[in-house]
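S.K.: Quick one: this structure, given as structure tokens, is what I'll be asking you about.
The values are calculated or read from the model by the stated rules, or taken from the named source; none is laboratory data. Source: prediction; values computed, not measured. All Cβ positions, even for glycine, are placed from backbone atoms using ideal geometry, and neighbour counts span all protein chains on display. Just so you know, the surface numbers come from the protein's heavy atoms only, side chains and all, with ligands and any DNA or RNA stripped out. Shrake-Rupley method; radii C 1.70, N 1.55, O 1.52, S 1.80 Å.
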Amino acid sequence: MYDFLIGPMLAVTLVIFIGGLAYRIHQFFQLSGEVKIDPAALPKDIRTDVENREKEEYVRINSASDVFLKWKIKLKRTFLGKHPVFSAVTIVFHLILLFLPIVTVGHNVLLDDYFGFRFPTLSESTVDNLTLLFILLFLFFFLRRILSARVRSVSTWRDYLALFATGAPFITGFLAFHQIFSYDIILYLHIICGELMLIAIPFTKLAHMPFFILARFMIRNELSFGTGTRKWLENN
Amino acid sequence: MDAVSLVEENSIRKMLDQKKNMEFFLSVCVGCGMCADSCFLYVNNNKDPSYMPSYKAVHSLGKMYRKKGRVSRRELEEMKDLIWDKCVLCTRCYCPVGISIPSMISWARSICRSQGVFREYDQTDELSK
């Protein structure tokens, strides 16, 4: 059972995961097109205004408090300043989700066995604490989905599915590490949940993983990170 | 158009198929509710969730996609309030994931119009109730 789960089953999972991601990326490039905007073609006064804004010249810096003011203004214009608590929660949640599985000792032992290389690892107690933190943040998202009227009003079963697909590998991993219930069964569940999560990424609401990077960095919009060069195509 | 006449499901489906990117948008909307505060109508209407940008898109165009175009005239009439009276297409809404919400509401309007459902010029709240 164990050999099957971390052998053929893992290979199938990775093929579906990478294939699904490639399909999603392909879909994005099909649905969007390159848009060329020549900055030199913009009127000159607007251009200097934009440049000044980029350089933050509207705040003259004479003292340390001006530096704080500058950052305060800068942050107030963004989501980070508007919702500091939610931003912190979501950033920590996603960072742990992405990096914790890579730096776990147990995972790297397997990786070393298979491919002969390993990533740097964190100590087991750190990983344990971060997992606990992740589970708490997961509960925050879960309670928010139930209790907050605005989130509840747009929630469907697919949102709960995505949330639980994310939380399950961490919860079972935590239980397996502490050997609560039968270790073997929980470990199997942990592997199955992790594989199901990877399979779910391209096909459920977890598709926001590739979509976020593609849409926020590549679509030209006043809210995009950097200067996007694409736009959604009409009539496709 | 006669209020009891049937909707042409095929033409709705055809219009839905034209916008593959919107199907993609709806499949990645995580319903985080963070677009709410960027909508001035939401902020000025006692934070009523039905004014939230994602609510307006998910319960109009999203509903059409979920039902694969098989919506009744009554459902389209119910959407009217959501996509015309509760949204002015100011395109200010912010989506952390990068979904273009106004384009979805605008396309939902186009689909409603194609079925003869639209907001009448002098229709006010008092008259419609």
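S.K.: Roughly speaking, to the nearest percent, how much of the stretch B:49-118's 1.4 Å accessible area is carbon and sulfur?
M.R.: Carbon-and-sulfur percentage of accessible area, whole number: 51.
S.K.: Can I ask one more? Of the accessible area of chain A, with the probe set at 1.4 angstrom, what percent is carbon plus sulfur?
M.R.: 69 percent
S.K.: Moving to a separate point now. Give me the distance between the Cα centres of the stretch B:57-93 and the stretch A:203-236, rounded to whole Å.
M.R.: Result: 23 Å between the Cα centres.
S.K.: Could I ask something else about it? Using the Karplus curve 6.51 cos²θ - 1.76 cosθ + 1.60 with θ = phi - 60°, work out ³J(HN,Hα) for each residue of the stretch A:138-145 in order, rounded to whole Hz, and write x for Gly and Pro.
M.R.: 4, 5, 4, 5, 5, 5, 4, 5
S.K.: Among A:His107, A:Gly19, A:Pro120, pick out the residue whose Cα is farthest towards the positive end of the charge dipole of chain A, where Lys and Arg carry +1 and Asp and Glu carry -1 on C-beta, about the Cα centre.
M.R.: Positive-most Cα among the choices belongs to A:Gly19.
S.K.: Report, in debye and to the nearest 20, how large the dipole of the stretch B:49-118 comes out about its Cα centre when Lys and Arg carry +1 and Asp and Glu carry -1 on their Cβ.
M.R.: For the stretch B:49-118, the charge dipole is close to 260 debye.
S.K.: Then there's this: Pick from A:Leu198, A:Leu223, A:Leu97 the residue whose mean-square fluctuation is largest in a GNM of chain A, springs joining Cα atoms under 10 Å.
M.R.: Among A:Leu198, A:Leu223, A:Leu97, the largest mean-square fluctuation in the Gaussian network model of chain A belongs to A:Leu223.
S.K.: Ok, one more. Would you mind getting me the FRET efficiency between A:Ala149 and B:Arg92? Use the beta-carbon distance for r and R0 = 22 Å, nearest 0.05.
M.R.: 0.50
S.K.: Rounded to the nearest angstrom and ordered from largest down, what semi-axes does the equivalent ellipsoid of chain A get from its C-alpha gyration tensor (root of 5λ)?
M.R.: Output for chain A: semi-axes of 40, 24, 19 Å.
S.K.: Now for a separate question. Which residues belonging to the stretch A:188-236 lose at least 30 Å² of 1.4 Å-probe accessible area when the assembly is complete, relative to their chain isolated?
M.R.: So the qualifying set is A:Lys205, A:His208, A:Phe211, A:Arg216, A:Leu223, A:Trp232, A:Asn235, A:Asn236.
S.K.: In the stretch B:81-102, what residues drop by 30 Å² or more in accessible surface going from the chain by itself to the full protein assembly, probe 1.4 Å?
M.R.: B:Tyr94, B:Pro96, B:Val97, B:Gly98
S.K.: Hey, another quick one. Over chain B, what is the mean sequence separation of C-alpha contacts under 8 Å (at least six apart), divided by residue count, expressed as relative contact order in percent?
M.R.: 30 percent
S.K.: How do A:Asp159, B:Asp48, A:Asp128 stack up against each other in accessible area, from largest to smallest, with a 1.4 angstrom probe?
M.R.: B:Asp48, A:Asp128, A:Asp159
S.K.: Please work out the average accessible area per residue across the protein assembly as shown, using the 1.4 Å probe convention, and give it in Å².
M.R.: Per-residue value: 58 Å².
S.K.: Can you tell me what percent of all Cα-Cα pairs in chain B are more than 24 Å apart?
M.R.: Of all Cα-Cα pairs in chain B, 27 percent lie more than 24 Å apart.
S.K.: Something else now. Can you compute the modelled spin-label distance between A:Leu196 and B:Ser114, with each label point 7 Å from Cα toward Cβ, in nm?
M.R.: The two pseudo-label positions are separated by 3.8 nm.
S.K.: If you don't mind, there's one more thing I want to ask. Which one, A:Glu195, A:Glu34, A:Glu222, has the greatest fluctuation when you compute a Gaussian network model over chain A with C-alpha springs under 10 angstrom?
M.R.: Its mean-square fluctuation being the largest, the pick is A:Glu222.
S.K.: Taking a probe of 1.4 Å and counting only protein heavy atoms, give the total accessible area buried between chains A and B in Å², rounded to the nearest 100.
M.R.: Buried surface at the A/B interface: approximately 2700 Å².
S.K.: Just subtract the alpha-carbon distance of A:Glu222 and A:Met9 from 0.36 nm times their residue separation and send over the number in nm, one decimal.
M.R.: Full-extension gain reported as 72.3 nm.
S.K.: Given springs between every Cα pair under 10 Å in a Gaussian network model of chain A, which of A:Leu139, A:Leu100, A:Leu80 has the largest fluctuation?
M.R.: A:Leu80
S.K.: Okay, next question. List the lysines whose Cα lies under 22 Å from the Cα of B:Lys80, skipping any in the same chain that are fewer than 8 positions away.
M.R.: Of all the lysines, those that pass the test against B:Lys80 - Cα under 22 Å, at least 8 places apart if same chain - are B:Lys14, B:Lys19, B:Lys47, B:Lys56, B:Lys63, B:Lys67, B:Lys68, B:Lys129.
S.K.: How far apart, in nanometres, would the label points at A:Ser182 and A:Asp128 be if each is projected 7 angstrom from Cα along the Cα-to-Cβ direction?
M.R.: Reported label-point gap for A:Ser182 and A:Asp128 is 2.4 nm.
S.K.: Give me the accessible area of A:Ser155, 1.4 Å probe, in Å² rounded to the nearest 10.
M.R.: The value for A:Ser155 is about 30 Å².
S.K.: Using +1 at the C-beta of Lys and Arg and -1 at the C-beta of Asp and Glu, which of B:Cys87, B:Pro53, B:Ser103 has the Cα lying farthest in the positive direction of the dipole of the stretch B:49-118?
M.R.: Selected residue: B:Ser103.
S.K.: How about the stretch A:138-165: which of its residues lose at least 10 Å² of accessible area in the presence of all protein chains relative to their chain isolated, using a 1.4 Å probe?
M.R.: A:Arg144, A:Arg145, A:Ala149, A:Arg150, A:Val151, A:Ser153, A:Val154, A:Thr156, A:Arg158, A:Asp159
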